[in-house]
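FYI, it's all coordinate maths here, none of it is from the lab. Treat the numbers as computed from the prediction; the structure is a model and nothing was measured. Backbone-built Cβ (ideal geometry, glycine too); neighbour counts: all protein chains shown.
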Amino acid sequence: MMIEKQDITSRISGLDNSSKHMMIFVTLLVTVCFQFSDIKIFNIKVYELMLLVIASFTIWRVRKLHVFIFLFLLFFILLVLKTIIQNPAMEFFINTDLPFLKMPYWLTVSRGVEYFCSIYFVFLLVDFFKNRVYSLYEWVYFIVQIQTKIFFPIFLLFFILYFFDILQFKNFQGFLVYDTSGSYGEVSARLKGFFVEGGPFGLYYSYLYFINAWVQKELGIRNYTISFLIILIVLMSASKAGYVLIILYHLIQFYFKIRNADYSPVLKRSIVIFSILSTGVAIYLLLFMYLGQIGNELILEIVGDEVDRNWMMGRMAAITLVPNMLSEYFWIGIGLGNYSLIRNNPKFLGGFPEIPVKEWDLTGLGGIMDMLVDGGIILFIFFIGIFIFIFNMVKFNQSLLILFFSFVLPYVAGAQFYFIYPWFSLALIIILLNNKKSLFSGNAVL
């Protein structure tokens, strides 16, 4: 499939004013939702506020939901209702003052609103590209270029300024960069962008690595510059999950190449098994080095009001706390958002110390695992069933399968389901399924 000579900016300039403004607005909305995940106004994330305002003016347009959107919406409604019914029987361990949006019940509602925003984001994109003449593939490529070519120089500049001590960290924090010496014992600048930490930030850019490779293949072009910039950003973020996601992308691509190659079935299976095992070993070694570093320096103590987030919170604590919670609430789960509010329960701590709840500990194990903990096995089976249903709908087409993996894997690697960017892939899947001709024709224009 060859890219058309007319690029997306040329298309925008050729549109009427109304369509031009809509195209620019949707592009800005996607950029805000992707990049500014932790920028807040009155404790409400900016992109969620934007989506809620848009929903208040456009929800009347909802006449029919795609089955994928409907199933996710149904699941999240059931999860919210189950938690509200369950909460009176829950024992919360709150040892500090919290904003009202993080208190029991209010937290469940606010989480539900976040998931609604994610789903409505999908609906907006699907609705926007319905009966449109824009090139979807060129527009996606344009989005990727914005995230790399525009933001990379900014990220690199501040990373260099802090790395060479031209700018100083304040309490280990800087603009777009932070210092991990509080955890690792030596000055180590780590890029975080507009995210809370480098891990989620690097995972986001590894997702863009997926999307960039996918869209370039669909357009029949090769631009290694963007891939190189993305890899540099992931390296500066030092995101282990980001490294793993990029490795998995190449494993998936390698599998497709072997599957389509003219080899004997035995040779194909042997190559695939060897590739899976070698990739598993590589990921294991990466995680082993990470856990080894943690093991050498792990000190489980609170000094005054200081909390070492790396050693006492996140994945390290969740590896112990989550199994303990599941043993107690295996069938119905602990409830949406309740992990931070009950993690100080002595029954769950398993040797880890109590922390101030205001530090707001999360599992860091990814949205998929969180749905098991929050919803219990009953709702989790329904949840996984949605993904199986989507997989069965897209497995006929390699392009859709790549998008499916780009949707699922970030949530396995550590992203929460209120992160918007993986939902972008679900929107693309629905748009392409609604316009099946684009999957088989040589024209990328929808």
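Using a cut-off of under 12 Å, list every residue of the stretch 401-419 whose amide N is near the label point 7 Å from the Cα of residue 259 along the Cα-to-beta-carbon line. So the set is 401-405.
Restricting the chymotrypsin sites (Phe, Trp or Tyr not before Pro) of the stretch 25-80 to loop positions (DSSP other than H, G, I, E, B) with no more than 15 neighbouring Cβ atoms within 10 Å leaves 42. Across the stretch 53-170, the mean sequence separation of Cα contacts (distance under 8 Å, 6 or more residues apart), normalised by length, yields a relative contact order of 24 percent. The label point for residue 395 and the one for residue 160, both projected 7 Å from the Cα toward the Cβ, are 5.0 nm apart.
How much length, in nm to one decimal, is gained on full extension between residue 38 and residue 54, taken as 0.36 nm per residue of separation minus their Cα-Cα distance?
That works out to 3.8 nm of additional length.
Approximating the spin labels as points 7 Å out from Cα along Cα→Cβ, the residue 64-to-residue 267 distance works out to 4.9 nm. Only Cα pairs under 8 Å and 6+ residues apart enter the sum, and on that basis the relative contact order of the stretch 324-404 stands at 37 percent.
Expressed in Å, the radius of gyration and Dmax of the Cα atoms of the stretch 83-146 are 19.6, 56.
Across the stretch 109-125, computed HN-Hα scalar couplings (Karplus, 6.51 cos²θ - 1.76 cosθ + 1.60, θ = phi - 60°) run 5, 5, 5, x, 5, 4, 5, 4, 4, 4, 5, 5, 4, 4, 4, 4, 5 Hz from first to last residue, x flagging Gly and Pro.
The stretch between residue 382 and residue 235, if pulled fully straight at 0.36 nm per residue, gains 49.3 nm over its current Cα-Cα span. Extension gain, residue 324 to residue 103, is 77.3 nm, computed as 0.36 nm per intervening residue step minus the present C-alpha separation.
Put in line by how crowded their Cβ is, counting other Cβ atoms within 10 Å and starting with the fewest, 56, 37 read 56, 37. Counting beta carbons within 10 Å around each of 64, 358, 240, 257 and listing the fewest first gives the order 64, 257, 358, 240.
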